[in-house]
Amino acid sequence: MNQTERARSLADRYWEDLLELEPMLGTMIGDERFDDRLSDPSEEGRERSRAVNQSALDELASIDRTTLDITMRGTLDVLEAIARRAIAELDHGTDRLRAAAHFFGPAQTLAEVASMQAADTPERIDRYEARLRAFPAYMGAWAGIAREGLESGVTSPRLVTERAVAQLERLLALAPEASPAIAPVAGDPDAAQRIADVVSDVVNPAFARYRETLQAYLPQCTETIGLAALPDGDGLYAALILAWTTLPLDPHEVHELGLERYAGIQDERAAIADRLGYTSAADAIAAHQASGANTATSRDALLTLAREQVERSWEASRAFFGRMPHDNCDVRPVEEFREQDTPLGFYNPPTEDGSRRGAYYINTSDLPGRPLHHIASLTYHEANPGHHFQLSIEQELPDRPALRRFGGILASSAFAEGWGLYSERLADEMGLYLDDWERLGMLEAQGMRAARLVTDTGIHALGWSREQAIDSMEDIGTSHIDAVIEIDRYIAIPGQALSYMIGMIEIERARRAATEREGAAFSLPDFHDRLLALGQLPLPALRRELG
């Protein structure tokens, strides 16, 4: 067996191991083999994860990667990043921070399952029911991790745990027939009643027991919000920065980079405000908001706007990409039980076979707090030409190991979120913003990502208060409701917010380098095709391949 064959064999075996460790990964892409189970966060499950990932790293070390082609080189880069991230998270016990969290926390698992799993045949309904019946063990294991956090002194801040408890209470307040779990079987009355019974008898009691665990956990939560206040807080933060960005960044340098980027964006905002006839961007937006033209009249009106933007951006993308995804994406509202804890929008990718389209979710709650001039840049980030293009095209590339086509999401979020942020700027080149109000919205979104470098490091390395962090977000034009949700998100998932601007800076650098190198021969569609063909590589590997 030559080096390429060994690399392919390792990648394929590792992918199969990942699907067993993370069954929702298979569900997300349409591989139904493990749709009857959930991941195992118990101590036994974590040790199994350690064994799988360490074994992969050990085998990887024996392969001569210099002999491999670009596809297999990148595949092993992804494998290494995933495995090292998993080992580091186990070593530092970062799961203790997820156990009592409202964002990416256990209580969100039901909605994630229901939004992605097919249950339209007897066999699929059986698998779906089996997965729902796995919730008691799953939630019980997370309760054990919460108790481990208490014993070690590594707990979520009180405000994060309070949000998680409130999320559970909203779920438990729903009648079983109104549970998010009904969504996959909503068109089948018999199956819907069957699933409602499982929710009533199995799922809700598991959530109730978990809520009791968190209520007992609350009195021992930290009153501080940053990692620096926890045992090994600096080590935890370093591990999470590396996990989310794939770069060993110094938080103080990241903080300064954020301030520098933010200042430049403020200059751009001021120039547009002047063009609109206002002395500042804040005055311009205040006047626009006061006019009433910047608020959706209904939830449906907001959805309609987003759908129009998705269709327009799909057509405009043909001039900027040589390769288009096979299909456009859907636009869906965020479910009401979790909309109070969820940002303005997010994206779920399609299945491999196209049976479930990609879905752009938009939060239609609290319409007065969701200015319309923010929606365009969000759409172009989450849908076209953002995450929908990036994830769909990566999945559709032929003759690549599954690990490369679907596994990059586990390696880090720096490329994906960097591409989404780059897409917001690209949308202006594409002529997608209809007026300067939407451009101001784009710059506010860009400013928020620059401010994230400041606030995330401020919270977790520099000792900032929650109020100080919220104020810093509002200063750039973020609405109060979104500023609160965003800051509580950074508190709950340290380091994740850094990936956006760090990834975009890398993509911008690659585009400048290609432009300088190729001169008049430079083609933007070709650059985009090459970049998206490389996909979600760790940033050092992306830099190596793009030059």
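Read-outs: derived from the displayed coordinates by stated rules, not from any lab. These figures come from a predicted structure and were not determined experimentally. No Cβ is skipped: glycine too gets one built from the backbone with ideal geometry, and neighbour counts run over all protein chains shown.
So if I average 1/r over every pair of distinct C-alpha atoms in the range 3-242 and take the inverse, what Kirkwood radius in Å does that give?
Computed over the range 3-242, the radius equals 19.5 Å.
Taking every pair of alpha-carbon atoms in the range 485-547, give the share separated by more than 17 Å as a whole percent.
On the way: 936 of 1953 pairs.
For the range 485-547, the fraction of Cα-Cα distances above 17 Å is 48 percent.
For residue 480 and residue 543, FRET efficiency with R0 = 45 Å and r from the beta-carbon atoms, rounded to 0.05?
Working from the Cβ atoms, E equals 0.70.
Taking the Cβ of residue 265 as the center, what net charge do the other residues with Cβ under 14 Å away carry, scoring Lys and Arg +1 and Asp and Glu -1?
Spelling it out: positives minus negatives among the neighbours equals -2.
If you take every DSSP beta bridge whose two residues both sit in the range 244-546, what share of them, in percent to the nearest 5, is antiparallel?
Bridges in the range 244-546 that DSSP calls antiparallel: roughly 50 percent.
Eigenvalues of the Cα gyration tensor times 5, then square-rooted: what semi-axes does that give for the range 322-458, in whole angstrom, largest first? Numbers along the way, then the final one.
On the way: eigenvalues 129, 60, 55 Å².
Equivalent-ellipsoid dimensions as semi-axes: 25, 17, 17 Å.
Tell me which residues come under 5 Å, amide H to amide H, from residue 296 once H is placed; ignore anything under 5 positions away on its chain.
The answer is 372.
Using a Förster distance of 22 angstrom, determine the FRET efficiency expected from the C-beta separation of residue 524 and residue 311, and round it to 0.05.
The formula returns an efficiency of 0.50 here.
What share of all Cα pairs of the chain, in percent, falls into each consecutive 20 Å distance bin?
Histogramming the chain at 20 Å steps yields 21, 58, 20, 0 percent.
Label points 7 Å out from Cα along the Cβ direction at residue 186 and residue 202: separation in nm?
Result: 2.2 nm between the two label points.
Provide the FRET efficiency to the nearest 0.05 for the residue 193-residue 318 pair, computing r from the beta carbons and using R0 = 56 Å.
For residue 193 and residue 318, the calculated efficiency is 0.75.
Could you pull out which residues in the range 9-39 have an amide N less than 14 Å from a spot 7 Å beyond the Cα of residue 55, following the Cα-Cβ vector?
What the label zone holds, given the 14 Å backbone N cut-off, is 10-21.
Over the range 244-546, how many percent of alpha carbon pairs lie in each 10 Å bin up to the one with the longest distance?
Percent of pairs per bin, in order: 6, 27, 37, 24, 6, 0.
Quick query: amide H of residue 332 versus all other amide H atoms, modeled in the peptide plane; which residues come in under 5 Å with a sequence gap of 5 or more or a different chain?
Close amide H contacts, sequence-distant or interchain: 360, 361, 362.
Roughly what would the spin-label model give for residue 216 and residue 434, points 7 Å off Cα along C-beta, in nm?
5.5
So, in Å, what gap is there between the alpha-carbon centers of the range 225-283 and the range 57-119?
Going from one Cα centre to the other spans 25 Å.
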